[in-house]
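Trainee: Sending over a structure as structure tokens; questions will come in a sec.
The values are calculated or read from the model by the stated rules, or taken from the named source; none is laboratory data. Nothing here was measured: the structure is a model prediction, and the numbers come from that model. Virtual Cβ from ideal backbone geometry, glycine too; neighbours counted across all protein chains shown. What goes into the accessible areas is simple: the full protein's heavy atoms, side chains included, and nothing from ligands, DNA or RNA. Shrake-Rupley method; radii C 1.70, N 1.55, O 1.52, S 1.80 Å.
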Amino acid sequence: MYLKSIELSGFKSFAKKSELNFTSKVSAIVGPNGSGKSNIAEAFRFVLGEQSIKSLRGKKGEDLIWNGAGDLPRANRAGVKVVFDNSTKFLPIDYETVTIERVVHRDSVNEYLINGSAVRLRDVVELLASAHIGASGHHIISQGEADRILNANIKERKSMIEDALGLKLFQYKKQESQRKLEKTHENIAQVESLRREIAPHIRFLKKQVEKVEKTIQMKDELTGLAQEYLKREDEYINKIKSRVEKEKRPLLEKEKELDKELSSAKSVLERAKHKDAKSEELITLEKNLHKIRDEKDNLFRDFGRLDGELSSLSKMVKKQEEVAQSIEHKTVTLVSVEELSKKVEEKIKNARSLKDTNLLLQILDEVEKILSDFIDHNKDKVDMSLLLDSKKEIENLKNTKRQIEKSLEEIKERENKLSLQHNTLKDDIDKEKDSNRDAEKAVFRIMAESGEVRSQLHSLSLEEENLRTIEEDFKRELTELGHMIGTHALQFASLTFDFNEERSLQEERRRKIEKIKIRLEDAGGIGGADVLKEYTEASERDIFLEKELADLAKSAESLTELITDLDNRLSTEFKVGVEKINTQFKEYFSTMFGGGEAKLSVVTPPKRKKKEIDELMGTEEDLSAEEAEDTEEGIDIEVNLPKKKVKGLMMLSGGERALTSIALLFAISQVNPPPFIILDETDAALDEANSKKYADMLENLSKYSQLIVITHNRETMSRAGILYGVTMGSGGGSKLLSVSFEDAVVVAK
């Protein structure tokens, strides 16, 4: 036996705590009318989760609480506690004894407890549903509800049968799955909507990312070229600088020695007693040559500096020309844009007054032509102001260079004349044999060697000046590239290359770098980290939504399969259950009526025309279809009484209906026996002969379920193992008396 006891405290007429222990297969509850015995059946409904106060014969929760009478004050709460023996684990909870309690307060607040722990109503319902127990159904039949299954329509009857067969749990799972499926479809629609919303933005970002990636690719290419270019240029500068310094050092020392020897020779000549005109002339020539050569050296230095400035400025002009030819750098004047706007506005103004489509299309073509002409007219325009200024500067430098060249030619002519005089004088002195001529010869030799040294130093100075220009260009390139690709990308010190190549290759490399720099500037720089980040985030969001959509679709598919499986199982279990019920129904019906036949049949409502439905429903609503059709199955009951031509429920008398409903209820209970059945005066309409049959069926049914019978029938009482009497005390509250027939029999023996 699963049901051990029920305890009522302040519930309806039970003012004081009252407990009924169910130790017998059949327990009977008896008492006079109005004593409150039916309140025990309602207490079972209450504690098992019944939410309809009306079915508990009340209007609000406060009506279920003892309201006071006589010496008994009113209670503030009503509580019912039912105790189950769970040693067989028929309830899916790990306790040997399970106590379920429900308490209602005067403010209609309900509390639910399982083994003393507060829980939700849903927890109670799910726990009991797993054991085929509910607040209402075939296992709690109250007075006046015995023939409810006969009076119900075919759909309601089917629902009762499904509940009795223990299919409620499957239906609950199906409903839950349908709710989840509906929610899943809503989520799918939301996710698809989100993906549609972000798709255009992702496409836009993708185009931007492609530009950024192209820029990054150009940046990488520029980095590689720049590192090689800068490394080679740095090596070239250092190599030339080292060579010039190495070559210049001995020449400077040689020049110093020659100057010293020249000073010594001049001293000899000046001290000579017989200094003649040739010596004076020689000294004068030497001074003039020295002066002219210094002047020539200064002009050569200026010439080298101008040459470097011209080279640098020419490169800048070339770069400006390349930038100017780029379409992205085209500019137009505000005046020309305003003129364009006026032309387009005039065309649009004319178009508004037209209704002819062909004329409108013609005006659109004219607007397109105006815009096209404007673009064609302005795309070849170039702002040449900077270029003109630079070219003027180049021209000025070239003029200065030409003047220096002219001065150099004049100095060379003077130098050549002095050199010729010097050589002539040298020949004359060489012919003379006096002692002063040695010093004079030394002067000529020193001047010749000094001229050669000066010439070499001059060449090295020109090379140094050119190298200085190259070094300045190198530093400028280093700064520009550092700003463009980052200083970290210019760590070229550790790179190694084959440096034995022609200088023209390095110049070609520099031109490539300049072209890439211009393309990067046209592309708007090499930024785009924010675009890449936003695109990555948007793409990851879209991938996440795509994955979520796939998961939702998979979940929807699983739920659909589950619902289909549940439908198939419900259909199969229902049909098998109906067949089993029919077997028992036929047997009980035959026992109650001494023959005859009865069965349940699964039927589908026939199609009804719109007019017939309107008449039945009393509505004038307009249906969109010619016919209304309800294909949901239901349960019909067919009976055939013995010795009578009665084959329908409508033709049964009140007693016959009561017997039929009892036979059907008992048949249902025996097919899928619940742990206990409560029968509240279901035998009230039976006569003495049928009461015995009813009692026999009770005794047979008690083999499968524990029975609690509320009755006035003596025959029914005789089959109970324990009898509870309910009386109304002097204070107006219900009281319990109990008699255990099983214990009495043992004592009597």
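Trainee: What tally of residues in the range 475-489 results from selecting those that are out of contact with any Ser or Thr (no Cβ under 6 Å at 6 or more places or on another chain) and open to solvent by less than 20 Å² (accessible area, probe 1.4 Å)?
Mentor: Count: 4.
Trainee: Tell me which of these Arg519 doesn't satisfy, since it passes every other one: (1) open to solvent by 80 Å² or more (accessible area, probe 1.4 Å); (2) under 30 Å from Arg243 (Cα atoms); (3) at pLDDT below 85; (4) assigned to a helix (DSSP H, G or I).
Mentor: (2)
Trainee: Checking the structure you have, find out if any residue of the range 192-204 is without any contact (Cβ under 8 Å) to a residue 40 or more places away in the chain, closer than 23 Å to Glu501 by Cα and out of contact with any helix residue (DSSP H, G or I) (no Cβ under 6 Å at 6 or more places or on another chain).
Mentor: The answer is no; no qualifying residue exists.
Trainee: Report, ordered by the first and then the second residue, all pairs with beta carbons closer than 6 Å, sequence separation of six or more or different chains, a first member in the range 714-742 that is outside any helix (DSSP H, G or I), and a second member that is among the acidic types (Asp, Glu) and open to solvent by 30 Å² or more (accessible area, probe 1.4 Å).
Mentor: From residues that are outside any helix (DSSP H, G or I), the pairs are Arg719/Glu699; Gly721/Glu742; Gly731/Asp71.
Trainee: Something else about it: Considering only the range 90-107, state which residues are within 24 Å of Trp66 (Cα to Cα) and exposed (fewer than 13 other Cβ atoms within 10 Å of the Cβ).
Mentor: Within the range 90-107, the first condition is being within 24 Å of Trp66 (Cα to Cα), and the residues that meet it are 99-107.
Answer for the range 90-107, where residues must be within 24 Å of Trp66 (Cα to Cα) and exposed (fewer than 13 other Cβ atoms within 10 Å of the Cβ): just Asp107.
Trainee: Looking for whichever is at pLDDT below 80 and either among the basic types (Lys, Arg) or within 60 Å of the chain's Cα centre (by Cα) (or both) here; the options are Asp376, Asp428, Asp434, Asp438. Which one fits?
Mentor: Working: Asp428 fails: either among the basic types (Lys, Arg) or within 60 Å of the chain's Cα centre (by Cα) (or both); Asp434 fails: either among the basic types (Lys, Arg) or within 60 Å of the chain's Cα centre (by Cα) (or both); Asp438 fails: either among the basic types (Lys, Arg) or within 60 Å of the chain's Cα centre (by Cα) (or both).
Residue meeting the stated conditions: Asp376.
A quick yes/no check of all residues on (1) on the phi < 0 side of the Ramachandran plot; (2) under 47 Å from the mean Cα position of the chain (by Cα); (3) modelled with pLDDT of 90 or more:
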{"residue": "Ala75", "(1), (2), (3)": "yes, no, yes"}
{"residue": "Gly79", "(1), (2), (3)": "yes, no, yes"}
{"residue": "Ile100", "(1), (2), (3)": "yes, yes, yes"}
{"residue": "Glu111", "(1), (2), (3)": "yes, yes, yes"}
{"residue": "Ile114", "(1), (2), (3)": "yes, yes, yes"}
{"residue": "Ser136", "(1), (2), (3)": "yes, yes, no"}
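Trainee: Answer yes or no: is there a residue in the range 327-343 that is among the β-branched types (Val, Ile, Thr), at pLDDT below 75 and assigned to a helix (DSSP H, G or I).
Mentor: Yes, because at least one residue in the range 327-343 is among the β-branched types (Val, Ile, Thr), at pLDDT below 75 and assigned to a helix (DSSP H, G or I).
Trainee: Hey, any hits in the range 256-268 for a residue that's surrounded by 13 or more Cβ atoms within 10 Å (Cβ to Cβ), of a type in the set (Val, Ile, Thr) and modelled with pLDDT of 75 or more?
Mentor: No, that holds for no residue.
Trainee: With the condition kept exactly as written, say whether any residue in the range 556-568 is in contact (Cβ under 8 Å) with a residue 40 or more places away in the chain and either in contact with a Gly (Cβ under 6 Å, 6 or more places away or on another chain) or of a type in the set (D, E, K, R) (or both).
Mentor: Taking every residue of the range 556-568 in turn, at least one turns out to be in contact (Cβ under 8 Å) with a residue 40 or more places away in the chain and either in contact with a Gly (Cβ under 6 Å, 6 or more places away or on another chain) or of a type in the set (D, E, K, R) (or both).
Trainee: Only one of Leu532, Leu467, Leu559 is surrounded by 12 or more Cβ atoms within 10 Å (Cβ to Cβ), more than 40 Å from the chain's Cα centre (by Cα) and part of a helix (DSSP H, G or I). Can you tell me which?
Mentor: Answer to the check: Leu467.
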